[in-house]
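Accompanying notes for the structure given below.
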Amino acid sequence: MKALRKFFDNIKPNIAEGGKFHAFRSLVDGFETFAFVPNQTSRVGCVNIHDAIDSKRIMSFVVIALVPALLFGMYNVGYQNYLAAGTLANATFCDLFLYGLLAVLPKIIVSYVVGLGIEFVVAQWKGEEIQEGFLVSGILIPMIVPVNTPLWMLAIAVAFSVILAKEIFGGTGMNIFNPALITRAFLFFSYPSVMTGDDNVWVAQNTIFGLGNNVPDTYTAATPLGEAALGTPLTDSFNAIIGLIPGAIGETSVIAIALGGILLLWTGVASWKTMLSVFVGGALTGLLFQSLGMSPLTWSDQLILGGFCFGAVFMATDPVTSARTECGKYIYGFLIGVVAVMVRVMNPGYPEGMMLAILLMNLFAPLIDYCFVQSNINKRAKRATIK
Amino acid sequence: MSKLFSNENKAVFSNPLNLNNPIAVQVLGICSALAVTSQLEPAIVMGLSVTIITAFSNVIISLIRKTIPNRIRIIVQLVVVAALVTIVAQILKAFAYDVSVQLSVYVGLIITNCILMGRLEAFAMQNGPWESFLDGIGNGLGYALILVIVGFIRELLGFGTLLGFQIVPDCVYNAGYMNNGMMTMPAMSLIIVGCVIWAHRSINKEEK
């Protein structure tokens, strides 16, 4: 830690105005404030309190909360590959995990390099401090795409969402939509053949550095949700909770996501109101469709399959794009659950509705807030005029 | 002759192409710009149709502007535009059937194009036929220009073709490249129109 501090202090003169590397000032500044809490206090004479938990620290909590799901996702990538090739019995835990690590790592690197690159350029150009929002988006993005997504597509989608869903609105904290979900939506609508369906999408196909197996192109593996859209009920809900099913990299394991969710709730980064109401909304709607016989899945299957848990824990609770009034959070979360299950059941073209549901409700969050704020104002106005 | 091409008349013609572009600056006629630009050919045909209709309806309204009773002027304008649109639609059906099928209702909907009514109300009702003609041509071409830009981007990235000819070579596809399906959807054309407006405004920042 001390060596790092010294390093930053040493290079500081170089990036100051007129220094050799002035062009890289936002880069250095960004990394420095990420590593160390900046030594700023509120100005004398105002009533603000400067919390040590600034937004970079909050973002770090979210990244830490994502780690269990990410690690399990890597393991599952390896597991699915060896399972597909039928060589699961000969593989050790390390084989599976290393294979998954090598398959997932390029996606994380591409996502961070492209996204942070754009952020740094924008910060430098506007002469502002680097914004921290992409720290979380950059790790979320590789976790919500299928493992076979080509890297160039990922790069285009990340660039699209950082520029058009975030920087245009004014950067971190101003965006209406969740940038990670916009990335996925862009991929989903632009290149549907590599994002959904059962054709070579969900299981890594090739050996990497001698690890893993070459799976023949004819091998197909559908997600349980994809099968449910065709009318097959879920048979193995144990594996679905553990997460050993085909799916996007980080979304399969309910247990790993729950670990992250507990950390988020414990640190107070995510709101339990939003999280809980997403599950309630999804469960009630699932129950309705189950009793109407419209879906082969039970209400609890709806909650454990696909991106439902991942979306509820990490996406719906995004403090920037979710509703901010306390009562509004209930409505916002509840409607996400309702819409997600509705899209799944009623539109066979989209077996997974979580992405669309959250994006839709992102759009309505300001309206929900407005209604609650207005009703509060009206209530108080009435109270004031009575006497 | 010199009067026909005076500086004022040149400005009437060239302003809508750039600084007063109906789509990029006035943000009119967006609906058809989103609907017909998924390929270049219908975009060009649509742009030309609107140019012709705007020009001639401008001339006709300008010729009879002094006899139109003020209270029913919108109806008169609509009758003129509708007649011209019908003629253009029939010509398209006769000589460019495939394109007219692609454009489907949007040729008919030129009647409701905001650019047309805007030019008739704002320009042709106050100016002579020659100026109105230039104004109509200018606005139509300004509209067509944006349509062609958007159509070019969308067809190239969405289908890998231009005017139906394959541009992206097969070896690129074999290397893993895929056409962007979102480019063929109207949602993406809204985003592209937005980007065109963005670029246009940052180029012409000083003019404002």
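Solvent-free Debye calculation, one equal scatterer per alpha-carbon of the range B:61-136: log10 I(q)/I(0) at 0.12, 0.24 Å⁻¹ equals -0.38, -1.06. Counting only aspartates and glutamates at least 8 places from A:LYS329 when in the same chain, those with an alpha carbon closer than 17 Å to its own are A:ASP318, A:ASP369. For the range A:265-295 versus the range A:341-387, the spacing of their alpha-carbon centroids is 15 Å. For the range B:13-202, the Kirkwood hydrodynamic radius from C-alpha pairs, put into Stokes-Einstein at 20 °C and a viscosity of 1.002 mPa s, yields a diffusion coefficient of 124 µm² per second.
Expressed per residue, the C-alpha convex hull volume of the protein assembly as shown stands at 268 Å³.
If the limit is 25 Å between Cα atoms, which of A:LYS2/A:LYS107; A:LYS107/A:LYS166; B:LYS10/B:LYS205; A:LYS6/A:LYS107; A:LYS56/A:LYS166; B:LYS10/B:LYS93 go over it? Among A:LYS2/A:LYS107; A:LYS107/A:LYS166; B:LYS10/B:LYS205; A:LYS6/A:LYS107; A:LYS56/A:LYS166; B:LYS10/B:LYS93, the Cα-Cα distance tops 25 Å for A:LYS2/A:LYS107; A:LYS6/A:LYS107; B:LYS10/B:LYS93. Measuring from centroid to centroid over Cα atoms, what is the spacing of the range B:19-64 and the range A:105-149 in Å? Taking the Cα centre of each part, the range B:19-64 and the range A:105-149 sit 40 Å apart.
Where only DSSP H runs of four or more residues are counted, the protein assembly as shown gives -20000 deg cm²/dmol as its mean residue ellipticity at 222 nm, each run worth -39500 (n - 2.57). Dipole of the range B:78-167 computed with +1 at Lys/Arg Cβ and -1 at Asp/Glu Cβ about the Cα centre; of B:LEU163, B:LEU120, B:ILE149, farthest Cα towards the positive end is B:LEU163.
In the protein assembly as shown, taking the dipole from charged Cβ atoms about the Cα centre, the farthest positive-side position among A:ILE377, A:LEU83, A:MET59 is held by A:ILE377. Simple point charges give the picture: +1 on the Cβ of Lys and Arg, -1 on the Cβ of Asp and Glu, and for the protein assembly as shown a dipole about the Cα centre of about 2140 debye. Put a plus charge on the Cβ of each Lys and Arg, a minus charge on the Cβ of each Asp and Glu, and nothing anywhere else: the dipole of chain B about its Cα centre is then about 660 debye.
Round to the nearest 0.05 the FRET efficiency obtained for B:ILE75 and B:VAL105 when R0 = 30 Å and r is the Cβ-Cβ distance. Numbers along the way, then the final one.
Values: r = 22 Å, r/R0 = 0.74.
Computed FRET efficiency for B:ILE75 and B:VAL105: 0.85.
Note on B:ILE91/B:LEU63: beta-carbon distance plugged into 1/(1 + (r/R0)^6) with R0 of 25 Å gives a FRET efficiency of 0.65.
Can you pull the mean other chain C-beta count within 10 Å for peptide B:170-177?
Numbers: counts 0, 0, 0, 0, 0, 1, 5, 3.
The per-residue average across the peptide is 1.
Sort A:299-307, B:159-167, A:285-293 for me by packing, meaning the mean count of neighbouring Cβ atoms within 10 Å per residue, highest on top. Write down the numbers at each step before the final one.
Details: A:299-307: 23.0, B:159-167: 13.4, A:285-293: 16.0.
Highest to lowest by the protection proxy: A:299-307, A:285-293, B:159-167.
Values in this text are rule-based calculations from the coordinates and carry no lab data. Just so it is clear, the structure is predicted and the values come from calculations on it, not from any experiment. Cβ atoms come from the backbone with ideal geometry, glycine included; neighbour counts cover every protein chain shown.
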